[in-house]
Amino acid sequence: MTAPGERLPAGFLPNRIESTPYRADASPSLLNPADAVHPGRQPQSAQRIALVAMGTLVLLQPLWHGWLAPPRMGSAALAAGLATLPWSLVLLATLRDRAKGVLWGGTLALFYFAHGVALAWSGEGLERGLALGEVVLCLLVILPPGIVAWRAPRPARHSAR
């Protein structure tokens, strides 16, 4: 750690969480987890699994809320549109940047996962089955990219001493 008035060497910024310095001029592979790929693994397959699950969720939402189990009160078209819109936007984002789209899809999947668990707990019959399907698809969006990121090699930590 540096004293209050002491200056840091050029190219280093203090890390508030740990006492290890952070290099501002680090290579992109250290800054972007999508670039830090283990040579034997293919994260593209994890992204493909997540994309297929997101596409299936886009198809499931209007079928579920518009036709198979429409809401008891309110408009089925409005419910189907509101449930489908976020997934459609995430899939459009993946056309621009696949890794960021999968990241946003995983974040959105957390909300739909909670929705599916709540309906699986309280629903009956077809609604419970659709909710369990939503839970499984959300897990397929979240887990494969997360496992690849968890197993990716980490950059070496530098000692502050």
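Bear in mind these aren't lab numbers, they're just calculated from the coordinates by the rules spelled out. Computed from a prediction, not measured in an experiment: that's the story for all the values here. Virtual Cβ from ideal backbone geometry, glycine too; neighbours counted across all protein chains shown.
Values computed for the structure shown
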read-out: Surrounding net charge for Leu51, when Lys and Arg each add one and Asp and Glu each subtract one, Cβ distance under 15 Å; value: +3
read-out: FRET efficiency, Val136 to Arg157 (Cβ-Cβ, R0 30 Å, nearest 0.05); value: 0.20
read-out: Gyration tensor over alpha-carbon atoms, the range 51-161, equivalent ellipsoid semi-axes in Å; value: 33, 16, 11
read-out: Rough spin-label spacing in nm, given labels placed 7 Å along Cα→Cβ, for Ala118 and Lys100; value: 3.0 nm
read-out: Peptides 88-101, 137-150, 67-80 ordered by average Cβ neighbours within 10 Å, highest first; value: 137-150, 88-101, 67-80
